[in-house]
Every structure is written in C-alpha cells, then in structure tokens.
Amino acid sequence: MKSLSFTKFLFAAILMIGLAFTAEAQTGKPKSPPVTASHSVGDLTIAINYNAPSVRGREVWGSLVPNGKVWRTGANSATTFSINKDVMIGGEKLSAGKYALFTIPGDGEWTIIFNKEADQWGAYSYDKGKDALRITTKTGKAPEFIEQMTFQVSDNDENIGIVSFMWENLKTSFDVKAAK
C-alpha cells in the first residue's frame, strides 16, 4: 500500500514540475516578438507589422535565411505592409491596402514582394499569382550590428517615405511616395 501512495506522490510531483515549466515557457518573452513600424508622410500612413527574430549567434544570410528563396521577412506570420493611399514604389503604382511583404534575398540585391494575400502564416502558401508588385533593391552594410530584425519607416525633406530593413550586418531600403 505504501508503494502505491509513493507512486501516486511521485507521479503528482513530476506532473507539477512539468506544468511549472510549461507555464514559465508560456509567460516568458517571445523569441520573435511582434513589432509595428509606422510613420506618416503628409496624409500618407505606412505601417509594417512583423515578428522580429534575433540573430542569437546564428549565421543568418545564406543559412537561416537562404538566398534565392521567398522569405516571410520575419518570423511566424507573414510580415504585412499597409498604406492608406495609393503610392508609387520603384516607379510602379501600389493601391491603398494591406499586403504580405515577402522578400527574396540575394547577394547585393533583394526582390521586395507585395502580395495581395496579407494574412498568411509564413511563406508556406505564397502564391506568385497574387503579387501586386515586385521591386528590386540594393543591399548594403547596416550602420552597426543589429541583433533583432528591424524595420524603420521615416521620411526625407521631399515628402517621400523611406522603408529600411536592417538585420545582422545588412540593410536595404525603398522609397514610398503618395501617387498623384
């Protein structure tokens, strides 16, 4: 009888320890927290919602994020790009709305993709046929090492929005201008 009580006690103790670890894992800081980068340029508002992964000692470019493949440009859900007005990006028009923002990283050059299916998990169901716009950007060196992936939205003196992406030692940017 004593061994049955001890077995029940041991089982209960193991169960409680497991629940404690699970609760701690659920309440801890997420590894890729949700972030919003937004900025208004005149009456144009640009907003980017993404989950920001960190380098955490990993090799990012060409390894964690392979070259030449569509990437969700962040972690978890696809990054979204929202604009409240029609804009010009890379000399092409993009209508007001919310888009999934995908990228295809490459050596020295990236393809930026604005896809009409904004709400999707990762790039697993990415459909090229739903692309609203694709542009090409040059990459360069970030001003400093960036541990956590970052989007910044700012503007210049000519009322042009500037979207910058930085992570690890890489930076790429593109301009966003209200369409006339």
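The values are calculated or read from the model by the stated rules, or taken from the named source; none is laboratory data. As the structure is a computational prediction, the values presented were derived from the model and not from experiment. When we count neighbours, we look across all protein chains shown, and the Cβ atoms used for this are built from the backbone with ideal geometry, even at glycine.
Going by the structure shown, is Gly106 part of a strand (DSSP E or B) and either in contact with a Gly (Cβ under 6 Å, 6 or more places away or on another chain) or farther than 27 Å from Ala96 by Cβ (or both)?
Working: part of a strand (DSSP E or B): no; either in contact with a Gly (Cβ under 6 Å, 6 or more places away or on another chain) or farther than 27 Å from Ala96 by Cβ (or both): yes.
So Gly106 does not fit the description; no.
Return the residue satisfying two criteria in turn: it lies in segment 65-103 and is of a type in the set (Lys, Arg), assigned to a loop (DSSP other than H, G, I, E, B) and within 18 Å of the chain's Cα centre (by Cα), and of such residues it is farthest from Glu117 (Cα to Cα). First the steps, then the outcome.
Initial filter on segment 65-103 (of a type in the set (Lys, Arg)): 69, 72, 85, 93, 98.
Subsequent filtering for residues that are assigned to a loop (DSSP other than H, G, I, E, B) retains 69, 72, 85.
Filter again for within 18 Å of the chain's Cα centre (by Cα), leaving 69, 72.
Values: Lys69: 18, Arg72: 12 Å.
Out of the qualifying residues, it is Lys69.
When you scan segment 123-161, how many residues do you find that are closer than 17 Å to Tyr99 by Cα, assigned to a strand (DSSP E or B) and hydrophobic (A, V, I, L, M, F, W, C)?
Number of matching residues: 5.
Out of Thr73, Thr111, which single residue is surrounded by 12 or more Cβ atoms within 10 Å (Cβ to Cβ), in contact with a Lys or Arg (Cβ under 7 Å, 6 or more places away or on another chain), at pLDDT 95 or above and not small (Gly, Ala, Ser)?
Details: Thr73 fails: in contact with a Lys or Arg (Cβ under 7 Å, 6 or more places away or on another chain).
Unique residue meeting the criteria: Thr111.
Within segment 123-151, restricting attention to residues that are of a type in the set (Gly, Ala, Ser) and touching a strand residue (DSSP E or B) at 6+ places or on another chain (Cβ under 7 Å), which residue is nearest to Ser173 (Cα to Cα)?
As a first pass, look at segment 123-151 and keep what is of a type in the set (Gly, Ala, Ser): 123, 125, 129, 132, 140, 142.
Restricting the remaining residues to those that are touching a strand residue (DSSP E or B) at 6+ places or on another chain (Cβ under 7 Å) gives 123, 132, 140, 142.
On the way: Ala123: 21, Ala132: 19, Gly140: 9, Ala142: 11 Å.
This residue is Gly140.
Do we find a residue being of a type outside the set (Gly, Ala, Ser) and touching a helix residue (DSSP H, G or I) at 6+ places or on another chain (Cβ under 7 Å) anywhere in segment 83-93?
From segment 83-93, those of a type outside the set (Gly, Ala, Ser) are 83-89, 92-93; that's our starting set.
Add one more test, that the residue is touching a helix residue (DSSP H, G or I) at 6+ places or on another chain (Cβ under 7 Å), and what stays is none.
Taking every residue of segment 83-93 in turn, none turns out to be of a type outside the set (Gly, Ala, Ser) and touching a helix residue (DSSP H, G or I) at 6+ places or on another chain (Cβ under 7 Å).
Looking at Thr7, is it out of contact with any Ser or Thr (no Cβ under 9 Å at 6 or more places or on another chain), at pLDDT below 75 and closer than 30 Å to Met166 by Cα?
Numbers: out of contact with any Ser or Thr (no Cβ under 9 Å at 6 or more places or on another chain): yes; at pLDDT below 75: yes; closer than 30 Å to Met166 by Cα: no.
Here the answer is no, as Thr7 does not meet what is asked.
Pull out all pairs, ordered by first then second residue, where Cβ-Cβ is under 8 Å, the residues are six or more apart or on different chains, the first lies in segment 133-162 and is over 27 Å from Ala118 (Cβ atoms), and the second is in a strand (DSSP E or B) and among the small types (Gly, Ala, Ser).
Every condition considered, the pairs that remain are Glu147/Ser54.
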